[in-house]
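Beneath this line is the structure, given in structure tokens, with notes to follow.
The values are calculated or read from the model by the stated rules, or taken from the named source; none is laboratory data. What you see is a predicted model; the values in this text were computed from it and never measured. Here the Cβ is made from the backbone with ideal geometry for all residues, glycine too, and neighbour counts use every protein chain on show. For the accessible areas, the whole protein counts, side chains as well, though only heavy atoms, and no ligand, DNA or RNA atoms are used. Shrake-Rupley method; radii C 1.70, N 1.55, O 1.52, S 1.80 Å.
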Amino acid sequence: MKVLRIHITGWVASFRNPLFISGFQPTLSLPPLSTLYGMLTAAKGDWVTPHDAAVGFVFKSNGKAVDLETVYEFGKTLTPKSDINKRQARTGGKRILYTMETKSNILRREFLVQPELYLYTPEMWLKEALKRPKYTLLMGRSSDLANVKSIDEIELGNRSETTYQNTMLPFPDPQIHGQVQALPTHFTAEIPRRPCGTRPYCLITEKIKYQGEVLHDTEKDWGVYLHQRIPGEFTVPNAQKRKPTDKNYQVPHTNGEQIQLFDS
């Protein structure tokens, strides 16, 4: 199979674990598919979702560290009936009207050092977009800048056995083991954004021999799992009429490659 292999690097990366909302924020060891489609969307300057492109990846980094990060928490908009303004009125103080309550907080966020991403896709039309990205490519947070080092057109070989490592496969599969995490494939276009295609994946960080019809990068000597395209179209709401996206969202039940276990 002919594919693009895009080598993307950065200084740091952080992929939020959706199980943690407050307090210490650990990073996932591998990027979720939503991060990959977000990078492709930024490069093209238009929506790229599983409806448009199949993707696979191998991701490596050189360790983890923890940083202190300031976050700002937004509350309700202050009105004459807000508690603080009622107190100000009783004491003769100046009222604060129609200002959003905000407060700062400090949290510990884990990040990955010297990340390297090898992104695979058979969609050749993405090559020009990745050569000249429309927007900044990110590996997680808005400060985790990424850079395209090379784009190669290669042939993935078909084999009956390969080795998977530093990649992600749909769960369950009796041949794989690793951290299991429910993750979305992408997000809706309307605000507030909603996760789509959420299902369990197995994050594979150790070498696993896998038998079956598999794809193999001969030059790098590792297996490549391509997450297949899904049917339907990704609809983008306009300003006048915001409709739910992915109304035709379905996942093909073939070869265990994509199985929708949760509603998006």
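The 3J(HN,Hα) values that the Karplus relation (6.51, -1.76, 1.60; θ = phi - 60°) gives for segment 196-210 are, in residue order, 10, x, 5, 7, x, 10, 9, 8, 9, 10, 10, 5, 10, 6, 10 Hz. Gly and Pro appear as x.
So which of LYS2/LYS149; LYS64/LYS207; LYS103/LYS149; LYS44/LYS149 end up more than 28 Å apart, counting from Cα to Cα? The pairs that break the limit, which is 28 Å between Cα atoms, are LYS103/LYS149.
For the peptides 26-34, 156-164, what is the packing order when you average, over each peptide's residues, the other Cβ atoms within 10 Å and list the highest mean first? Walk me through the numbers before you get to the answer.
Working: 26-34: 22.1, 156-164: 15.3.
Most protected by this proxy first, the peptides run 26-34, 156-164.
Over segment 105-173, give the accessible area per residue in Å² for a 1.4 Å probe, as an integer. Before the final figure, lay out the partial values.
Numbers: 3610 Å² over 69 residues.
Per residue, segment 105-173 has an accessible area of 52 Å².
Peptides 192-205, 48-61, 2-15 ordered by packing proxy, namely the average of other Cβ atoms within 10 Å per residue, highest first: 48-61, 2-15, 192-205.
Tell me, what is a quarter of the convex hull surface for the C-alpha atoms of segment 137-193, in nm² with one decimal? Write out the running numbers ahead of the final one.
On the way: hull surface 28.7 nm².
It is 7.2 nm².
Note on segment 127-167: along the principal axes its Cα atoms extend 40, 23, 13 Å, ordered by decreasing extent.
Heavy atoms only, probe 1.4 Å: what % of the accessible area of segment 138-235 goes to carbon and sulfur, would you let me know? Show your work: numbers first, answer last.
On the way: 2390 of 4960 Å².
Carbon-and-sulfur percentage of accessible area, whole number: 48.
The accessible surface of segment 9-51, taken with every protein chain in place and a 1.4 Å probe, is 63 percent carbon and sulfur. Backbone amide hydrogens, once placed in the peptide plane, bring TYR201 within less than 5 Å of PHE171, GLN181, ALA182, LEU183, excluding anything fewer than 5 places away on its chain.
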